[in-house]
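The values are calculated or read from the model by the stated rules, or taken from the named source; none is laboratory data. Note that the structure is a prediction, hence the values are computed from the model and not measured. Using ideal geometry, Cβ is built from the backbone for each residue, glycine included, and neighbour counts are taken over all protein chains shown. To get the accessible areas, we keep the full protein, side chains included, count just its heavy atoms, and leave off ligands, DNA and RNA. Shrake-Rupley method; radii C 1.70, N 1.55, O 1.52, S 1.80 Å.
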Amino acid sequence: MKKAVLFALLLGLTSPHLVQAKEVAGVSLPETTTVDGKTLKLNGMGLRKKMVFKVYVAGLYLETPSRDAATVISSDQVKRMQLSVLRSLSSHQVSEAIEEGFEKNSKANMAALKPKLEKLETMIPNVEKGDQILLTYVPGKGTVVSAKNVEKGVIEGKDFADALFSVWLGPNPVQPDLKKGLLGG
């Protein structure tokens, strides 16, 4: 009897659902985070590469985890994209990459989204290895932008949040294997 209990405890301790953090490219992210009193779960994470360079590790946090990109994008839940920077990037490089993702996935709505995208560009600073950019959609509030542990502002509108999350999860994501990782694949 004692061996069975000990075995069950050991099995439980090594079970993957009890792991406190996940790691990609040397970056560990916690399984959960809290936003406005709501617990978000790490849906998935992945590495963004540009040619041979490791650019950032992205983690997608959701109130209700899902493997379906369209569901994640359209859902009106608190959700966060956490970018852990792996190399120095200018604010222009980050903004340009996000705008390219908007063009690829939300081209039909670009006229309406352009002023909000320009506002985002003013909120993104130059970043160094180890810095984080947090893009958190909160229903009824908008997308809260934080960088280097400082809240930079809020961009209102679910339309903007949908387009922003489409950069990574839309039909034409910045990187298909990153999309797969974010969706827990």
(message) Ignoring everything except DSSP H segments at least 4 long, calculate the 222 nm mean residue ellipticity for the chain; use -39,500 (n - 2.57) per segment, divide by total residues, nearest 500.
(response) -11000 deg cm²/dmol
(message) On C-alpha positions alone, give me the angle between the axis of helix 110-123 and the longest principal axis of the chain, in degrees, nearest 10.
(response) 70 degrees
(request) Quickly work out the Lys129-to-Ser88 label distance, labels modelled 7 Å from Cα along the C-beta direction, and quote it in nm with one decimal. (result) 1.1 nm
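How much net charge surrounds Met45 when only the other residues with a Cβ under 13 Å from the Cβ of Met45 are counted, with Lys and Arg +1 and Asp and Glu -1? Could the numbers behind the result be given before it?
Details: positive: Lys22, Lys41, Arg48, Arg80, Lys179, Lys180; negative: Glu23, Glu31, Asp177.
Here the charged neighbours net out to +3.
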(message) Please compute the Kirkwood hydrodynamic radius of the stretch 98-144 from all pairs of different C-alpha atoms, in Å with one decimal.
(response) 12.3 Å
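Rolling a 1.4 Å sphere over the protein heavy atoms, what is the accessible area per residue of the stretch 54-184, to the nearest Å²? Spell out each step's value before the answer.
Details: 5710 Å² over 131 residues.
For the stretch 54-184, the per-residue accessible area is 44 Å².
Once fully extended, how much extra length lies between Lys22 and Asn149, figured as 0.36 nm per residue of separation less the alpha-carbon to alpha-carbon distance?
On the way: separation 127, 0.36 × 127 = 45.72 nm, distance 2.08 nm.
Difference between extended and current length: 43.6 nm.
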(message) Angle check, please: helix 91-106 long axis (alpha carbons) against the longest principal axis of the chain (alpha carbons), in degrees 0 to 90, nearest 10.
(response) 90 degrees
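State the extension gain, in nm to one decimal, for the chain segment bounded by Lys158 and Lys107, taking 0.36 nm per residue of separation less the distance between their alpha-carbons.
Details: separation 51, 0.36 × 51 = 18.36 nm, distance 1.62 nm.
Extending this stretch completely gives an extra 16.7 nm.
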(message) If amide hydrogens are placed 1.01 Å from N in the peptide plane, which non-local residues have theirs closer than 5 Å to the one on Lys50?
(response) Val55
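Among the lysines in the stretch 75-185, how many pairs, 8 or more places apart or on different chains, have alpha carbons under 13 Å apart?
Details: Lys79/Lys141; Lys79/Lys158; Lys116/Lys158; Lys119/Lys152; Lys129/Lys148; Lys141/Lys158.
Within the stretch 75-185, the lysine pair count is 6.
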(request) Over the alpha-carbon set of the chain, work out the extent along each principal axis and list the three values in angstrom, largest first. (result) 68, 36, 31
(message) On C-alpha positions alone, give me the angle between the axis of helix 2-14 and the longest principal axis of the chain, in degrees, nearest 10.
(response) 10 degrees
